[in-house]
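Right, one structure below, let's go through it.
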Protein chains: 2
Amino acid sequence: MALGEFEYLMLTAAARLGDDAYGAAIRQEIEQVTGRACSLGALYTTLDRLEKKALIKTWMGEATPQRGGRAKRMVRVTAKGARAASSFYDTVIRFSRGVAWASK
Amino acid sequence: MALGEFEYLMLTAAARLGDDAYGAAIRQEIEQVTGRACSLGALYTTLDRLEKKALIKTWMGEATPQRGGRAKRMVRVTAKGARAASSFYDTVIRFSRGVAWASK
DNA sequence: GCCATTAGAATCACATTGTGATTCTAATTG
DNA sequence: CAATTAGAATCACAATGTGATTCTAATGGC
């Protein structure tokens, strides 16, 4: 099942955002916290893939009440998704124990 | 530059093994600690890629003094590799702060 | 000495993930 | 109604990860 790094970031971003999780917001969150760009291609294709694997659920929400506001694609992490993310996190942590860069 | 999850595991395994880091040993380390299989294909193609990116250095060592022992492909993580791994680790940790699965 | 056995490396075609550039959609402001 | 804008979708392509299979040479038993 494996879960790439970017997939993990998306799951985590969605979890952090909770009820406010939707495509563009997730993207912003990722860029803000990691400091590196998140391409739109990566965003939506990964959303599709995560949904196909049932790690997230997705549905069209309401439009933002703002100029140009458009319907948002809302995202929620499923139980299965949380398990997968948790397992990714655990693997990284456990594996890094004792290595130089994991201690500063 | 990004660094996939598997690449991170390989760098970390090599770092843990220190002077004893070589192809097959890294594989064993990964399987033992993560509990999941590490295919040979993944192993050697990723070694090649990491070396091309200068994140590790590789050279042929001595044969194991054992039945069937064959020359080993020794591995050392470069300074650049350590930086990349460190940055991957930091990103995961920082990003996971406050999320449910990062606290148990 | 010879050959079966074995540790370890290499290759290759293929599946999965990640990216950039570009286009589409519809609500809002004026 | 036309310009503007938040947000989503698509697509061709690049990078990563995998399984199956083959190659290589040293060693131990005989």
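The values are calculated or read from the model by the stated rules, or taken from the named source; none is laboratory data. In this text, all values refer to a predicted model and were calculated from it rather than measured experimentally. Note that we place each Cβ from the backbone using ideal geometry, even for glycine, and neighbour counts take in every protein chain shown.
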- Query: In this structure, does B:Met1 turn out to be of a type in the set (A, V, I, L, M, F, W, C), more than 11 Å from the chain's Cα centre (by Cα) and either at pLDDT 95 or above or not in a loop (DSSP other than H, G, I, E, B) (or both)?
  - Reply: no
- Residue that is farthest from the other protein chains (Cβ to nearest Cβ) [pool: residues in segment A:14-43 that are in contact with a Phe, Trp or Tyr (Cβ under 9 Å, 6 or more places away or on another chain) and within 13 Å of DNA strand C (Cβ to nearest atom)]: A:Gly23
- Query: With respect to B:Arg94, is the statement that it is surrounded by fewer than 17 Cβ atoms within 10 Å (Cβ to Cβ) and either within 13 Å of DNA strand D (Cβ to nearest atom) or in a helix (DSSP H, G or I) (or both) true?
  - Reply: yes
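Given the criteria facing another protein chain (nearest Cβ under 10 Å) and not acidic (Asp, Glu), does B:Ala85 qualify? Spell out how you get there, then give the answer.
Details: facing another protein chain (nearest Cβ under 10 Å): yes; not acidic (Asp, Glu): yes.
The answer is yes for B:Ala85.
Per-residue answers, yes or no, for (1) under 22 Å from A:Arg94 (Cα atoms); (2) in contact (Cβ under 8 Å) with a residue 12 or more places away in the chain:
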{"residue": "B:Ala2", "(1), (2)": "yes, no"}
{"residue": "B:Leu17", "(1), (2)": "yes, yes"}
{"residue": "B:Tyr22", "(1), (2)": "yes, yes"}
{"residue": "B:Ala42", "(1), (2)": "yes, yes"}
{"residue": "B:Thr45", "(1), (2)": "no, no"}
{"residue": "B:Arg49", "(1), (2)": "no, yes"}
{"residue": "B:Met60", "(1), (2)": "no, yes"}
{"residue": "B:Met74", "(1), (2)": "no, yes"}
{"residue": "B:Ala100", "(1), (2)": "yes, no"}
- By residue number, the members of segment A:76-98 that are without any contact (Cβ under 8 Å) to a residue 60 or more places away in the chain, more than 18 Å from B:Ala13 (Cβ to Cβ) and among the aliphatic types (A, V, I, L, M) are A:Ala79
